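Let me begin by presenting the structure, written as structure tokens, before commenting on it.
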Amino acid sequence: MSGSQEGESMSQATTDGNQAGQSCTILVVDDDEAMRMLLVDALQESGCRVIESKSGNDALNVLKAVVPNVIVTDLKMPDGGFSYLRQLQERVPGCPVVVMTAYGDSQSKAKALECGAQGYFEKPLRMHDLKAWICQMCFLNPCGNLPL
């Protein structure tokens, strides 16, 4: 995996040789490095361009330069939570957001959807289901672009 710094953030744009014009750009946000890398690897294997971030504030900074097709984000992490979901929707209103959390319950799911998330997955993830959801969203929302 190749990486490059995004400003002063710890985000990395990872492309593994994908060509410019790649059809789907995914922002993966999770403070758990092992989970983040699992998602990055799985999505890259599917042909996606992946940008990774380790906190809510870091992700919001990334969105100043990039508009992804889909945002896959943890909920319980530094600078995360429901207000962070609202900020994502304000920053990139047309971009689908899927929440993944190890602390899921029906109230959290309802609140996440109310705050703008279009998808909700509980950890441990069923990677096949998450990838299918992302693929569908990329097809329906071809809004991603390369960094400015």
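Take the residues of segment 110-129 that are among the charged types (D, E, K, R), at pLDDT below 95 and not in a loop (DSSP other than H, G, I, E, B): which is nearest to A42 (Cα to Cα)?
Going residue by residue through segment 110-129, those that are among the charged types (D, E, K, R) are 111, 114, 122-123, 126, 129.
If we keep only those that are at pLDDT below 95 as well, we get 122-123, 126, 129.
Those still in the list that are not in a loop (DSSP other than H, G, I, E, B) too: 122, 129.
Details: E122: 17, D129: 12 Å.
Looking at residues that are among the charged types (D, E, K, R), at pLDDT below 95 and not in a loop (DSSP other than H, G, I, E, B), I get D129.
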Would you tally the residues in segment 84-140 being of a type in the set (A, V, I, L, M), touching a strand residue (DSSP E or B) at 6+ places or on another chain (Cβ under 9 Å) and closer than 23 Å to T25 by Cβ?
-> 13
When residues of segment 45-63 are limited to those that are modelled with pLDDT under 95 and farther than 14 Å from L130 by Cβ, the one surrounded by the fewest Cβ atoms within 10 Å (Cβ to Cβ) = G47
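The values are calculated or read from the model by the stated rules, or taken from the named source; none is laboratory data. All values reported here derive from a predicted model rather than from experimental measurement. Note that each Cβ is placed from the backbone with ideal geometry, even for glycine, and that neighbours are counted across all protein chains shown.
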